[in-house]
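Q: Starting off with a structure, shown below.
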Amino acid sequence: MRIDILTVVPDLLEGPFSHSILQRAKDKGLAEVHIHNIRDYSTDKHKNVDDYQYGGGAGMVMSIQPIAACIEELQSQREYDEIIYMTPDGELFEQAAANQLSRVKNIILLCGHYKGVDERIRELFITREISIGSYVLSGGELAAAVVADSIIRLLPGVLNDETSALTDSFQDNLLSPPIYTRPAEYKGLKVPEVLLSGNFKKIEEYREQEAYRRTKERRPDILDF
Ligand code: ADE
């Protein structure tokens, strides 16, 4: 899978993709992440990427020209399954969307900045708009990193233990049950007996019960039974 991220602050995206699971995914050739500086595509003599809002109002608007030039260049090289605009007024990002996006080949993530992009970019190029939560970030970069991370970790072969993405919270509309490691007792707090029992059927039952209990308590909205 290939993810192209378009931004006016590429430095913000240097870190997230050069560590741990995401770096491993790149090293294994399972995911490619390319960061593009929108400013490099500006034909303006000062390399401007934004302009004043028509009709007045506070805040600059990201101009059409450099964004269109960048997207068109990428589109001339390969076909994109989705061109996604990161914006607080997009669809709320959930595990189901991550699962869906992990099955496509090429994605562009466009990061908004300032007040956002000229509406015509959305009309002409964007196939999907995603928000990572009901709050406003200073730009779409951190949101794009969140989306890319959640997709890449689902690609077959990225996680060491193939089953571990399947037992994540939110897969099956359940949160994960509590987990423990050694020691078996810490400051009087004991690991539940059943987890030490070696009885896999009982352990599985316990985990299912706890996942259900936790979901009912914390996120009853995602329970579908
Ligand atoms: N850009 C600014 N805020 C955002 C959010 N909550 N989700 C996605 N992109 C954003």
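A short reminder: the numbers here are calculations on the coordinates, not readings from a lab. Given the structure is predicted, the values throughout are model-derived calculations rather than measurements. Heads up, the Cβs are rebuilt from the backbone with ideal geometry, glycines too, and the neighbour counts pull from every protein chain shown.
Q: Using +1 at the C-beta of Lys and Arg and -1 at the C-beta of Asp and Glu, which of 211, 180, 195 has the Cα lying farthest in the positive direction of the dipole of segment 172-222?
A: Among 211, 180, 195, the one farthest towards the positive end of the dipole of segment 172-222 is 180.
Q: Ranking 11, 51 by Cβ neighbours within 10 Å, fewest first, what do you get?
A: Result, fewest neighbours first: 11, 51.
Q: Which whole-number percentage describes the relative contact order of the chain, with Cα contacts under 8 Å and a sequence gap of 6 or more?
A: Values: 319 pairs, mean separation 45.4, N = 225.
About 20 percent, as a whole number.
Q: On a 0 to 90 degree scale, rounded to 10, what angle separates helix 64-77 from the longest Cα axis of the chain?
A: Helix 64-77 sits roughly 70 degrees off the main axis of the chain.
Q: Right, another one. Choose one answer from 143, 96, 58: the residue with the largest mean-square fluctuation in a GNM of the chain with alpha-carbon springs under 10 Å.
A: 58
Q: Only four residue types carry charge here, +1 at the Cβ of Lys and Arg and -1 at the Cβ of Asp and Glu. Report the dipole size of the chain about the Cα centre in Debye, rounded to the nearest 20. Show your work: numbers first, answer last.
A: Working: 26 positive and 36 negative charges, 150 e Å.
With Lys and Arg at +1 and Asp and Glu at -1, about 720 debye.
Q: When 62, 86 are ordered from fewest to most other Cβ atoms inside 10 Å of their Cβ, what list results?
A: Numbers: 62 22, 86 28.
Fewest-to-most Cβ neighbours within 10 Å comes out as 62, 86.
Q: Stick to Cα atoms and the Kirkwood definition of Rh, then tell me Rg/Rh for the chain.
A: Details: Rg = 21.6 Å, Rh = 20.0 Å.
Value, to two decimals: 1.08.
Q: How far is the Cα center of segment 195-225 from the Cα center of segment 1-33, in Å?
A: One Cα centre to the other: 34 Å.
Q: Moving to a separate point now. Evaluate 2.2 N^0.38 Å with N set to the residue count of segment 1-110, then give the Cα radius of gyration divided by it. Show your work: numbers first, answer last.
A: On the way: Rg = 15.7 Å, N = 110, 2.2 N^0.38 = 13.1 Å.
Relative to the 2.2 N^0.38 Å estimate, segment 1-110 comes out at 1.20.
Q: What fraction, in whole percent, of alpha-carbon pairs in segment 172-222 exceed 18 Å separation?
A: 39
Q: Let me ask another. Give the long-range amide H neighbours of residue 8: residues separated by 5 or more places, or on another chain, with amide H under 5 Å away, using H modelled in the peptide plane at 1.01 Å from N.
A: Amide H neighbours of residue 8, under 5 Å, 5+ apart: 38.
Q: Further, regarding this structure: Can you give the convex hull volume per residue for the Cα atoms of segment 93-136, as a whole number of Å³? Walk me through the intermediate numbers first.
A: Numbers: hull volume 3.7 nm³, N = 44.
Each residue corresponds to 84 Å³ of Cα convex hull volume.
Q: Hey, fewest Cβ within 10 Å first, where do 19, 34, 46 land in order?
A: Details: 19 9, 34 12, 46 6.
Ordered by Cβ neighbours within 10 Å, fewest first: 46, 19, 34.
Q: What is the diffusion coefficient of segment 34-84 in µm²/s, taking the Kirkwood radius over Cα pairs and the Stokes-Einstein relation at 37 °C with a viscosity of 0.692 mPa s?
A: Numbers: Rh = 12.4 Å.
Translational D for this selection: 265 µm²/s.
Q: Under 5 Å between amide H atoms, partner at least 5 residues away or on a different chain: which partners does residue 131 have, H built in plane at 1.01 Å?
A: Close amide H contacts, sequence-distant or interchain: 87, 90, 91, 92, 93.
Q: Let me ask something additional. Beyond 17 Å, how much of the Cα-Cα pair distribution for segment 116-225 remains, as a whole percent?
A: Working: 4306 of 5995 pairs.
Counting pairs separated by more than 17 Å, the tail of P(r) holds 72 percent.
Q: Pairing the Cα long axis of helix 141-152 with the longest principal axis of the chain, what angle in degrees results, from 0 to 90 and rounded to the nearest 10?
A: The helix 141-152 is inclined about 50 degrees to the chain.
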